[in-house]
Amino acid sequence: MSEQNLQSQTVQTTGHAWDGDLQEFNNPLPTWWVYTFYVTIVFSVVYWFIYPSWPIGKGFLTGFSEITYVNKAGETVTSHWNTRALLAKKLNEQTELQKPYFSKVAASDFGQIAKDPELSGFVLSAGKVLFDDNCAPCHQQGGQGKPGFYPNLADDDWLYGGSYDKIHQTLVNGRRGYMPAFGEVLPAGDIDALANYVASLSGIGHDAGKAASGRALFVSQSAACYACHGENAKGRQETGAPNLTDGIWLWANVPGAQKPEDKIAAIRATIAAGLNKGVMPAWGGRLTPEQIKVLTVYVHELGGGT
């Protein structure tokens, strides 16, 4: 083999060497890789002209691509392509797909919706989205609520009633729960007696003597708890007064207390401080009648209705 051929087959190096014989090769890049790199450059330049890209002064290259959508005012708008317009277009398309179902919901009563498999499936799908967007921030995912703050919508215990009409009324008009602070009008001993009586209604360990005194106070004119909760303490849905005998607690975090005395302390604190935070906003002006109707059926199904 000639010296020229031997030289052509010899691998080129950068000329750098370490420890005498450790050299850095100067192999060329693969041809396919080089051409792929050139293609990506061409693609990026083409992309700059089609879609929004580089900032220029106070503006930017808007690109040649356009998109048409309907804005919130109901006007058809054509603008340069951008992700916000794309989202608006997709939402419009989704709304158009849902329109026939919402129209059918509007024309049907609650019983018909529940019996129609197609409408029921739509309500479960659309209702979940509406619930997650508007209700879950308070009532949590799945409607399990949060003791001391927001009612559980999945336990079939309804403060204002769980019928379709009652739930619909609650959604449209909102609710405002209230209980006076008895710590301002009753001595600590009376509040303790009432707490023991309320604990006894749910089978929580209590002082029998104090509970007997609490029972007398419960139906007396000085405390007058019966006026809202009823003489049997089973509550009144017309005023949203909870049932005190079912072991379900909304405001007093009794489930979170381990010992009977801690549970009574939670009840005592609620009686003393009262409640003025059971406020739910009215959704009548925020959601369409069809959306409220869908939510009504969805919430009804969460707790099984009444």
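From the list HIS168, HIS206, pick out the single residue that is outside the structural domain of PRO255 (by TED's automatic domain parsing) and either more than 20 Å from GLY235 (Cβ to Cβ) or buried (at least 19 other Cβ atoms within 10 Å of the Cβ) (or both).
One residue alone meets the criteria, HIS168.
Do we find a residue being of a type outside the set (Gly, Ala, Ser), more than 25 Å from the chain's Cα centre (by Cα) and over 23 Å from GLY304 (Cα atoms) anywhere in the range 87-101?
Yes: one or more hits.
Could you tell me how many of the residues in the range 102-122 are closer than 15 Å to GLY305 by Cβ and hydrophobic (A, V, I, L, M, F, W, C)?
Residues that pass the stated criteria total 3.
When only residues in the range 247-283 that are exposed (fewer than 15 other Cβ atoms within 10 Å of the Cβ) and assigned to a loop (DSSP other than H, G, I, E, B) count, which is nearest to the chain's Cα centre (by Cα)?
PRO281
Give the range 242-263 a look and list any residue that's of a type in the set (A, V, I, L, M, F, W, C) and free of Cβ contacts under 8 Å to residues at least 24 places away in the same chain, or say none.
ALA257
Checking the condition in the same structural domain as VAL294 (by TED's automatic domain parsing) and within 30 Å of ALA273 (Cβ to Cβ), which residue from LEU119, LEU153 passes?
Exactly one of LEU119, LEU153 is in the same structural domain as VAL294 (by TED's automatic domain parsing) and within 30 Å of ALA273 (Cβ to Cβ), namely LEU153.
Find the residue count for the range 226-235, including only residues that are in contact (Cβ under 8 Å) with a residue 12 or more places away in the chain and either among the small types (Gly, Ala, Ser) or touching a helix residue (DSSP H, G or I) at 6+ places or on another chain (Cβ under 7 Å) (or both).
2
How about the range 130-225: which helices (runs of 4 or more DSSP H) wholly inside it have at least 3 residues that are touching a helix residue (DSSP H, G or I) at 6+ places or on another chain (Cβ under 7 Å), of a type outside the set (Val, Ile, Thr) and closer than 30 Å to PHE110 by Cβ?
164-173
Taking the condition modelled with pLDDT of 90 or more, more than 19 Å from GLN291 (Cβ to Cβ) and surrounded by fewer than 15 Cβ atoms within 10 Å (Cβ to Cβ), does PRO137 pass?
The answer is no for PRO137.
Any residue in the range 143-163 that is at pLDDT 90 or above sitting within a Cβ distance under 6 Å of a residue that is crowded, with 19+ Cβ neighbours inside 10 Å and among the β-branched types (Val, Ile, Thr)? List the pairs, counting only those 6 or more apart or interchain.
That search, which allows pairs on different chains as well, returns LEU153/VAL299; TYR160/THR170.
The values are calculated or read from the model by the stated rules, or taken from the named source; none is laboratory data. The shown structure was predicted, so the numbers you read here are calculated from the model rather than taken from an experiment. No Cβ is skipped: glycine too gets one built from the backbone with ideal geometry, and neighbour counts run over all protein chains shown.
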